[in-house]
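Student: Pasting a structure here, questions to come.
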Amino acid sequence: MGSRLLVESHKEVEIVCGIVAITSEKLFSVKKDLLFGLKKLEYRGYDSAGFATTEGNYGKEVGDIDNLLRSTQKDFLTKTAISHTRWATHGGVTKQNAHPHFDAKKEVFLVHNGIIENFLELKAALEAKGYIFRTETDTEVIVNFLHDRMKTSKPIDAMRDFMKAAKGTYAVVFFKTGSDKLYAMKKDSPLCLGVSKGRVFVASDIYAFSHETDRVIFFEDYEMAEVSPQGFQFFGMSGPMKKEPVQIQWEREPVIKKHFDHFMLKEICEQPAAVERLLHSLKTTQAKRMGEIADMVRGCKRIFFLACGTSYHAALIGSYLLSRLGFEAHAVIASEFEDFSIIDKDTVVFAVSQSGETMDVITVLKDIKRFNPKIIAIVNYPYSSVHRMADNYIEIMAGQEICVAATKTFTNTLVAIYELARVLRNHIVLDRIPSIIEEVISENESNVKRLAKKLKDKHDIFVLGHRVSYPIAREIALKLKEISYVHAEGMMAGELKHGTIALIEPGVPVIGLVHESNRDRMDSALREVQARGADVYKIGNHSKDFMLPDGLNEEEYSIVSTIIGHLLAYHIAKLNGLPIDKPRNLAKSVTVK
Ligand code: G6P
């Protein structure tokens, strides 16, 4: 895969979730080296974090990695260590449940990403052998299982036994106390190896070591590795296997907040450049691939867009656009895919996932591969799992997004989908988008802040859209929930009168997304709520609330109206003092089902 990869050198970035382990010929610092890499994965979760060194020193703390750094007064120098940032699945957010986990004698320390579905069954068998469990996690089962097997077997055989016995998903790294070797295995959850001089990393993703090496090996399912500072040996279920590193082409830009208070605002404001970069690549390096993908679409019988969260809203727009062009196109939320779909070799599936690691998407892709559909990844991260499972891909080139809530990656996903529609039927102009975004952001700062003040104490907000602005209504409502913690509903304007209008009473805020293409229906829906006393705000031309340039086409409108909605969610959250970049209970990349 000859693609280049945007990555950022994390000089001032706050660091986060996932797995990072290092084994090195020379001593390294837990705080400066290990937790530095871990902080780069914080987007994977920040409920708690921890580390352990092969000397048996360890630390755990509830909260994010900064909290762990603060509570770890002493730094440790070591040659082998593991670390973890957690997004809780089994067991509450407590210090006890934080990783690494270890056996009663502290002979094995282990970190895990994923879910062991049959952990109760495995736990009962280990309890019968005398193992005592001190946490509520499924992970403790893995450490005790391996500890038990390693009494009589080598680590690789113990892992093989575990993979035969376990049901679920896992990326696991562990060491035996006193040894400089790391052991790792993977099924479904991502794991990779970074090979540097005299030092090897094992991590959930490549960003953990992008500052140090560009040589990477990805684990596939049911693969294991024994790793020492001098090298590594991979194993499959039937024996040793040879794997060589691939070379990643990093393109570095610093991830710093600059003068912004939050990464979310920074990422919203850098969209003109992000879109420009994507448009340029779609005309140059990605043009050939886009042509191939358009040919696949032309030759297929049906199209599915598969996605979760914010990416689903972009997927929904994709299904609208391709349906308009005469294709049978559907957008389906990945976790609901199984009951829906006829998949065969004449089906094209667009897997839309900025991270490329969302487990709900990966699970569907694994399942449908047997029907031989053509899979196209739309991702921000080449080399991600979704990309590696696809027949072709579009890289959205947004640059790394630190804030959990997706903003610039949503815009760039839309631009990529619009470009596909443009290639299929030359009817859309996209070139003006960067300058229009710039203008809309700069002209609406005070408008957005004014509305945020009015809405900051509201408990419910309704956002109405029609046609292309319906997915945007849902996207704005999602941001109001995840960032501002306000209950919000993004609705089809026409559906309101069939039920939800019962909730409209004087003073309830309703935001309408009005464009020339949907004006009639939007106007009647907004009149209906106004008649019941709702406070109506419009994002559109001729609106008293926001300034939009005249003559926006639908594509331009969809992007700038989203940006206004994202900014609104941002400013409401800011006024209410909320943790904007790391909202409660969320993770940027959800690698469990
Ligand atoms: C998580 C994030 C959402 C995101 C969704 C899909 O739930 O919190 O912000 O939209 O995953 O992520 P993806 O990486 O697949 O686009």
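Student: So how far, in whole Å, is the C-alpha centre of segment 180-227 from the one of segment 434-508?
Tutor: A separation of 43 Å, based on Cα centres.
Student: Could you check what % of the DSSP bridge pairs in the chain are antiparallel, to the nearest 5?
Tutor: Details: 63 of 103 bridges.
Of all bridge pairs located within the chain, approximately 60 percent are antiparallel.
Student: Sticking with this structure for a sec: Over every pair of different alpha-carbon atoms in segment 353-463, take the mean of 1/r and invert it; report that Kirkwood radius in Å. Before the final figure, lay out the partial values.
Tutor: Working: mean 1/r = 0.0594 Å⁻¹.
Hydrodynamic radius (Kirkwood, Cα pairs) of segment 353-463 is 16.8 Å.
Student: Kindly give Rg over Rh for segment 257-431, based on alpha-carbon atoms, with the Kirkwood expression for the hydrodynamic radius. Please list the in-between numbers first.
Tutor: Numbers: Rg = 15.5 Å, Rh = 16.1 Å.
Checking Rg against Rh, the ratio lands at 0.96.
Student: Now a separate question. So what's the angle, to the nearest 10 degrees on a 0 to 90 scale, between helix 519-530 and the longest Cα principal axis of the chain?
Tutor: For 519-530 against the chain, the angle is about 90 degrees.
Student: What do you get for the angle between helix 408-424 and the principal long axis of the chain? Use alpha-carbon atoms, 0 to 90 degrees, nearest ten.
Tutor: Between helix and principal axis, roughly 70 degrees.
Student: Sticking with this one: Per residue, how much accessible area does segment 257-431 have with a 1.4 Å probe, in Å²? Mind showing how you got there, number by number?
Tutor: Details: 5910 Å² over 175 residues.
On a per-residue basis, 34 Å².
Student: Return one number: the angle in degrees, 0 to 90 and rounded to the nearest 10, between the long axis of the Cα atoms of helix 119-128 and the longest principal axis of the Cα atoms of the chain.
Tutor: 20
Student: How large is the translational diffusion coefficient of the chain in µm² per second when you combine the Kirkwood radius over alpha carbon pairs with Stokes-Einstein at 4 °C and 1.567 mPa s?
Tutor: Calculated translational D: 52 µm²/s.
Student: Longer than 18 Å from Cα to Cα, which of K243/K374; K167/K366; K95/K187; K538/K582 are they? Say none if no pair is.
Tutor: Working: K243/K374 27 Å; K167/K366 16 Å; K95/K187 26 Å; K538/K582 29 Å.
Where the Cα-Cα span goes over 18 Å, the pairs concerned are K243/K374; K95/K187; K538/K582.
Student: Give a residue-ordered list of calculated ³J(HN,Hα) values for segment 259-272 (Karplus: 6.51 cos²θ - 1.76 cosθ + 1.60, θ = phi - 60°; whole Hz; x for Gly, Pro).
Tutor: 8, 7, 6, 9, 4, 4, 5, 4, 5, 5, 6, 8, 5, x
Student: With runs of 4+ DSSP H residues as the only contributors, calculate the mean residue ellipticity of the chain at 222 nm using -39,500 (n - 2.57) per run, divided by the residue total and rounded to the nearest 500.
Tutor: It lands at -10500 deg cm²/dmol.
Student: Enumerate the amide H contacts of M491 below 5 Å, restricted to partners 5 or more residues apart or on another chain; note that Pro and chain-start residues carry no placed amide H.
Tutor: Under 5 Å from the amide H of M491: V463, L464, G465.
Student: In terms of modelled amide H atoms, which long-range or inter-chain residues lie less than 5 Å from the amide H of D535?
Tutor: Sorted by chain and number, the residues that satisfy this are G507, V508, V510.
The values are calculated or read from the model by the stated rules, or taken from the named source; none is laboratory data. Everything numeric in this text was worked out from a predicted model, so none of it was measured. Please note that ligands, DNA and RNA were not included when accessible areas were found on the heavy atoms of the full protein model with its side chains. Shrake-Rupley method; radii C 1.70, N 1.55, O 1.52, S 1.80 Å.
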